[in-house]
Each structure stands twice: as C-alpha cells, then as structure tokens.
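The values are calculated or read from the model by the stated rules, or taken from the named source; none is laboratory data. This is a predicted model, so every value here is computed, not measured. Methodologically, a virtual Cβ is constructed for each residue, glycine included, from the backbone with ideal geometry; neighbour enumeration extends over all protein chains shown.
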Amino acid sequence: MMDDIFFNTSLKALNRVRRYLGSRWLTPGEFDMRVPDEKMNLMMKELTGEIEASLSMPFGMKLRRRWLKSGTGEPVAAATESALASEFISFYDSGIENDLTALFFENQLDEGAIPDLIRPLRTTGYCAGPYLFNAIWRLAMLGKLRDSDTLFDCMNKFADWQTIHRKSVEGMYVHTSAAEFSGDPATLELRRSHPGLSGVKDSVRSVAFNSLNTCRMQIMSKLAYKFGHNNAAEKFMESSRALGELIHESMWDEDSGFYYDLVGETVVRDMAMSGFLPMAAEIPTKEQAERMMQWLPAVSDRITLLRSEPSVAPLFRLVADGLRKYGYYEEGAGYALSAALYTAGLEKTTKFMIARIVAALMLIEQVAGFLKFRDRYVLHPCLPQEWTGKPVRIYDGEWDYKISLTLGDDGNVECRIKDNSTLLYSKSIQNYTLINLKLPVKPQQLQG
C-alpha cells in the first residue's frame with residue numbers, strides 16, 4: 001500500500017514534467033472522427049485526452065517503455081487495456097502503440113506466461129488475455145511493427161506454456177487456478193448464474209475462454225506467416241482448427257442451436273453472451289450461425305454489465321465482429337452502436353476507460369467500417385437509418401485525407417475522399433458494401 005502511494009506520487013510528478021516540457025502525444029491533427037451523435041463525439045474527444053493523460057514515461061525496473069496507466073488508478077500497466085489502447089492509438093500514427101504492447105513481451109516470465117499486470121518493480125496478476133496478439137496483428141498490417149523476430153520467439157514460448165499449463169487431456173483449455181477463473185471477465189456470466197464455481201475443482205470448460213484461445217491461435221498463425229515462419233503458422237492454424245472442432249463437438253447443442261459452457265460432463269444451458277463468441281472464432285457453419293441468430297435478442301440486456309463490470313467490454317466487440325464475419329452486418333453494427341451509446345452515458349471516471357476504448361473502436365470499425373492498412377483503406381459502412389442525411393466524417397492526418405460517409409434516403413452511402421479542397425474519390429455504394437482502396441488515393445471522379 002505504501003509502495004503504491006509512493007509510486008503514484010512520483011509518477012504524477014514525472015508526468016506533470018513531461019506534459020509541461022513536451023508536446024501532446026495524441027492530437028486531432030493526426031486522427032479525428034465525428035458521427036451524427038454529439039454524446040458519442042464528446043466521448044471520443046474526451047477519450048483521446050484521457051488516454052493522453054494516462055500515457056506515462058518509463059518508470060521503475062519493469063516499466064521500461066512508455067506505458068498506459070490502468071484505469072484502476074494504480075501505478076500499473078494492464079495487458080487488455082494497453083492492447084486495446086494500442087489499437088486505438090494506431091490510428092494516430094504516433095509510434096507509441098509498439099511500446100504499449102512490447103512491454104508485456106519484454107516482461108514475459110521464464111516459463112513462457114505473459115503477465116496480465118506490470119508494476120514498477122514486479123509483474124503480477126494472471127496470464128494476459130488474447131487482445132495483445134490482436135494489437136500486434138494490427139501493427140503488422142499497418143507496417144508499423146518493430147522487433148518481429150523477438151516477438152515470434154515470445155509467441156513460441158507462450159504457445160509452449162499454454163500447452164503445458166492450460167491444455168487439458170481432452171484438448172480443451174482450462175484456467176490454471178480458481179483465482180484466475182474468478183478474475184476472468186469471459187467467465188463473468190457463468191460465475192453470476194452459478195455462484196461457488198471454482199473453475200479447476202469443478203472441471204469448468206468455458207466456451208468463451210476456449211473461443212478466445214481459438215482466436216488467439218488464428219492470429220498467431222497469421223503473424224507467423226507474416227514473419228515468414230510458415231511451418232509455425234501451419235502448426236498454430238492446425239491447433240486452432242482442432243480446438244474449434246472440440247468446441248463444436250462438446251459445446252454445441254443441436255436442440256436449441258447454441259453453444260454452452262460445460263461443468264464436468266454437464267452442459268450448462270444458460271443463455272449467455274459468451275455463447276456467441278464461437279462466431280468470432282469462425283467455428284459454426286453458416287447454417288448453425290443462422291440458428292444462433294434467434295438468440296441475439298435474448299442477450300441484448302447484457303449491455304448493462306458495462307456499468308458494474310466494464311472489463312467485459314471487449315466481449316461486446318468480439319460478438320459484433322463475429323456477426324460481421326457471418327454476413328450479419330446490420331445486426332453487428334446495431335449491437336456495436338447500442339453498446340457504444342450505453343457507454344457514452346457512463347460516468348466520466350477512469351473505471352470506464354476500457355469500455356470507452358472499446359466503444360470508440362466499435363464506432364470506427366463496425367459502424368463507420370473504417371479500417372486502415374499499410375497500403376490501403378477498407379471502407380465497409382454499416383450506418384444506422386437514424387443517421388440518414390448526416391455525414392460521418394473521418395480525418396487521417398498521415399495522408400491528410402478527409403473522408404465522409406453519408407447515408408441517403410435510397411439506402412446508399414455516398415463515400416467521398418478529399419485532399420484539402422481536391423475531391424479524390426466519390427462513389428455511391430449500397431450500405432453494408434465493402435470498398436478496397438489503394439493508398440495514396442489518386443484523383444478520380446467515380447459515378448455511383
């Protein structure tokens with residue numbers, strides 16, 4: 001406790017000096033997005049300032065890079081918050097995003113686990129969740145990733161640790177302790193509906209935990225291919241397929257058309273948001289996904305979990321992402337927009353920083369449908385009817401491009417890209433349609 005007080009005081013002083021002597025790390029001159037909802041615009045604007053205030057200089061023995069101070073207010077870097085913030089910051093082209101994620105790989109434990117929390121003098125908490133790997137993939141796609149060989153070595157070491165410590169005899173992944181199980185946001189719904197479950201003792205097989213591990217192995221496979229390690233990439237992909245098949249065989253309920261958790265040999269038929277996560281891992285067939293959609297309204301009230309347990313926010317993004325992967329663009333965007341609107345109404349305290357980061361990412365990716373890669377834009381707008389005639393405006397400072405997306409009465413979206421006053425691109429597309437544009441965009445006038 002005294003250590004926390006000392007470190008907090010020292011850290012505040014260091015950051016005050018940094019802000020006084022240096023310039024801001026995040027500015028609207030690098031990236032900005034405005035939507036036809038002022039409450040969400042204010043949330044986005046305040047989030048940029050909130051992250052800026054939470055970014056910290058290297059501090060202590062373990063925090064050897066610029067890092068993000070956790071929303072808990074303690075002098076600690078948290079893996080999930082840092083990974084999600086890195087994805088958001090990547091739109092700003094600031095160079096900070098590599099530091100936020102590399103920090104956790106640099107502090108990888110000797111046996112291979114990647115720490116969930118890092119304090120100035122020690123690592124603590126459980127193993128980091130899957131979101132670090134998604135942030136690394138984002139940086140790789142933007143062409144900004146540094147030290148890929150070192151990261152690949154860490155990935156292999158982590159994969160070995162997973163196999164030894166988390167993989168059960170039948171091939172499912174389990175939590176390593178009761179404390180880890182009870183601290184995992186992915187198991188929140190199960191723990192609330194069945195108080196007293198300890199995870200290990202009760203032989204819990206979580207559909208969310210295993211789906212997230214499937215997603216993680218898929219990302220590790222893509223990263224290995226990107227790094228030129230084809231054999232490792234195939235190994236990771238085969239592991240993800242094998243786990244996906246186990247999830248489907250053990251957790252799919254043919255009668256109801258949904259995925260459920262297992263406690264021992266018993267299927268826990270509770271309707272939970274986590275049952276949609278196999279879609280994010282692309283496990284069900286299209287026909288099975290269609291059957292699952294009947295249950296989406298039944299879990300719509302889970303949005304209120306964001307107030308009491310904001311740590312579950314990344315799961316909402318995964319559900320929306322899974323819906324999009326199966327072609328349910330309108331439903332995915334609606335789910336994302338509802339979560340973002342709810343989050344915009346939460347108190348402006350650091351407790352909800354992680355929920356605001358996720359809300360911002362969902363607005364950018366799932367609603368506006370804006371994705372940026374090293375050499376191209378992908379625009380896949382899924383704009384709600386209530387925004388008809390009101391433009392979504394995006395500014396990309398790296399290319400100095402202004403992008404506008406306007407939904408018309410005919411259901412089409414007018415996409416425009418300007419460079420200062422020059423119209424570079426103009427096309428009318430149907431809502432939910434994808435556009436792939438090479439960068440830099442060449443001046444052209446396209447008819448709808």
**Study point:** Filter result (within 22 Å of the chain's Cα centre (by Cα) and either in a strand (DSSP E or B) or surrounded by fewer than 15 Cβ atoms within 10 Å (Cβ to Cβ) (or both)) within the range 54-83
**Key:** Leu55, Ser56, Trp67, Leu68, Thr72, Gly73, Ala77, Ala78
Practice item. Being within 18 Å of the chain's Cα centre (by Cα) and more than 19 Å from Arg66 (Cα to Cα) is the filter here, so list the residues in the range 114-132 that pass it. Key: Cys127, Gly129, Pro130
Practice item. Pick out the one residue from Phe133, Phe158 that is touching a residue at least 60 places away in the same chain (Cβ under 8 Å) and within 15 Å of Gln218 (Cα to Cα). Key: Phe133
Exercise for review: With the checklist (1) over 24 Å from Phe316 (Cα atoms); (2) at pLDDT 95 or above; (3) among the β-branched types (Val, Ile, Thr) in hand, flag the one item Thr285 doesn't pass.
Suggested key: (1)
Check your understanding: Would it be correct to say that Leu26 is modelled with pLDDT of 85 or more and closer than 25 Å to Pro310 by Cα?
Key -> no
Practice item. Return yes or no: is Tyr92 of a type in the set (Phe, Trp, Tyr), free of Cβ contacts under 8 Å to residues at least 60 places away in the same chain and on the phi < 0 side of the Ramachandran plot? Key: no
Exercise for review: Would you mention how many residues in the range 291-315 are over 24 Å from Thr80 (Cβ atoms) and of a type in the set (A, V, I, L, M)?
Suggested key: 4
Point to revise | Selected residue (criterion: nearest to the chain's Cα centre (by Cα)) from residues of the range 283-315 that are outside any helix (DSSP H, G or I) and surrounded by 21 or more Cβ atoms within 10 Å (Cβ to Cβ) | key: Ile283
Exercise for review: Could you tell me whether any residue of the range 364-385 is aliphatic (A, V, I, L, M), modelled with pLDDT of 95 or more and assigned to a helix (DSSP H, G or I)?
Suggested key: yes
Point to revise | Only listed residue being over 28 Å from Ala79 (Cα atoms), of a type outside the set (A, V, I, L, M) and touching a strand residue (DSSP E or B) at 6+ places or on another chain (Cβ under 6 Å), chosen from Lys390, Lys438 | key: Lys438
Check your understanding: Which residues, taken from the range 84-114, are in a helix (DSSP H, G or I) and in contact with an Asp or Glu (Cβ under 7 Å, 6 or more places away or on another chain)?
Key -> Ser86, Ile89, Ser90, Tyr92, Ala102
Revision key, fill the gap. Of Ala355, Ala360, Ala344, Ala340, the only residue that is modelled with pLDDT of 95 or more, touching a helix residue (DSSP H, G or I) at 6+ places or on another chain (Cβ under 8 Å), of a type outside the set (Asp, Glu) and closer than 21 Å to Met279 by Cβ is Ala340
Point to revise | Inter-residue pairs, beta-carbon under 8 Å, first outside the structural domain of Gly199 (by TED's automatic domain parsing) and assigned to a loop (DSSP other than H, G, I, E, B) and in the range 170-183, second among the acidic types (Asp, Glu) and surrounded by 15 or more Cβ atoms within 10 Å (Cβ to Cβ), 6+ apart | key: none
Check your understanding: Hey, does the range 196-208 have a residue that's touching a His at 6+ places or on another chain (Cβ under 9 Å) and either in a helix (DSSP H, G or I) or free of Cβ contacts under 8 Å to residues at least 24 places away in the same chain (or both)?
Key -> no
